[in-house]
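To start, the structure under review is shown below, and the notes come after it.
What follows is calculated from the coordinates using simple rules that are stated; it is not laboratory data. What you see is a predicted model; the values in this text were computed from it and never measured. Ideal geometry is used to build each Cβ from the backbone, glycine not excepted, and the neighbour counts take in all protein chains shown.
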Amino acid sequence: MKLSFPKLKEHKSMSKTQRMTSIAILASCSMLLYYFKIPLPFFPPFLTLDLSDIPALIGAITMGPLAGILVQFVKNIVEYVLHGSYVGFPVGQFANFISGSLIAGLIGWFYFYRKKLDWTSYGISTLIFLAAMYALNYYFILPSIMSLLGLSMEEYTASFAQFNPMVKDMRTAVLFVILPFNLIKISMVYLIGIPFTFKLVRILQKRSVAI
């Protein structure tokens, strides 16, 4: 499958109002997609996939990496206000924000500064994403959830070991469960979201609709 994209045809600059409106629309789409979760076999039920990062990807490619990050920020703020967190503190929303911001922001950065997307862009973005998520999960997210739920290390890692017998501790839980899940997540978003974004923008440009 071809995943190399050149710079899109230039269009007139968007006003601040147009940019904020576009970000709000994309954030709304992201929030709707967030509720359609896809469970994965061989993974704990609390790890599910969704397509809510694609609107942020659209924003990052068309308006720059900051726009994609703002879409993720709005989505997670509204999600926490409406539904709260099962552990009280918004650890899940924070993790989703960081994860989605890296997925969209890295590709947005490569596109705006290299003027194209190719296999180098995807490879470097994926490696940075996985390294960041390993550190974030190992040092902050999983320990925070474990502490807030009042679980011991053995009790918490047992929920991962049920699905992967290679899990013995926190490090192996991240290495053998969280990282494979994140690799599937970023691959799905890039494989679906990037071709869709370029096709959508070309259609809108032909119809002279600013995005």
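Kindly check whether there is at least one residue in the range 125-143 that is of a type in the set (Val, Ile, Thr), in a helix (DSSP H, G or I), touching a residue at least 60 places away in the same chain (Cβ under 8 Å) and surrounded by 14 or more Cβ atoms within 10 Å (Cβ to Cβ).
Taking the range 125-143 first, the residues of a type in the set (Val, Ile, Thr) are 126, 128, 141.
Subset that is in a helix (DSSP H, G or I): 126, 128, 141.
So of that shortlist, the ones also touching a residue at least 60 places away in the same chain (Cβ under 8 Å) come out as 126.
So of that shortlist, the ones also surrounded by 14 or more Cβ atoms within 10 Å (Cβ to Cβ) come out as 126.
Checked against the condition, which is being of a type in the set (Val, Ile, Thr), in a helix (DSSP H, G or I), touching a residue at least 60 places away in the same chain (Cβ under 8 Å) and surrounded by 14 or more Cβ atoms within 10 Å (Cβ to Cβ), the range 125-143 yields at least one hit.
Would it be correct to say that Leu82 is farther than 20 Å from Val174 by Cβ and not basic (Lys, Arg)?
Details: farther than 20 Å from Val174 by Cβ: yes; not basic (Lys, Arg): yes.
Taking the combined requirement at face value, the residue satisfies it.
Which residues, taken from the range 63-91, are touching a residue at least 24 places away in the same chain (Cβ under 8 Å), farther than 16 Å from Ala27 by Cβ and of a type in the set (Gly, Ala, Ser)?
Within the range 63-91, just Gly88 meets the criteria.
Among Ser121, Ser99, which is the only one that is under 19 Å from Met188 (Cβ atoms), in contact (Cβ under 8 Å) with a residue 60 or more places away in the chain and surrounded by 13 or more Cβ atoms within 10 Å (Cβ to Cβ)? Full working, then the answer.
Working: Ser121 fails: in contact (Cβ under 8 Å) with a residue 60 or more places away in the chain.
Being under 19 Å from Met188 (Cβ atoms), in contact (Cβ under 8 Å) with a residue 60 or more places away in the chain and surrounded by 13 or more Cβ atoms within 10 Å (Cβ to Cβ) holds for just one of Ser121, Ser99, which is Ser99.
Does Phe176 satisfy the condition of being in a helix (DSSP H, G or I), of a type outside the set (A, V, I, L, M) and under 25 Å from Ser121 (Cβ atoms)?
No.
In the range 182-205, how many are hydrophobic (A, V, I, L, M, F, W, C), under 15 Å from Ala131 (Cα atoms) and crowded, with 18+ Cβ neighbours inside 10 Å?
1
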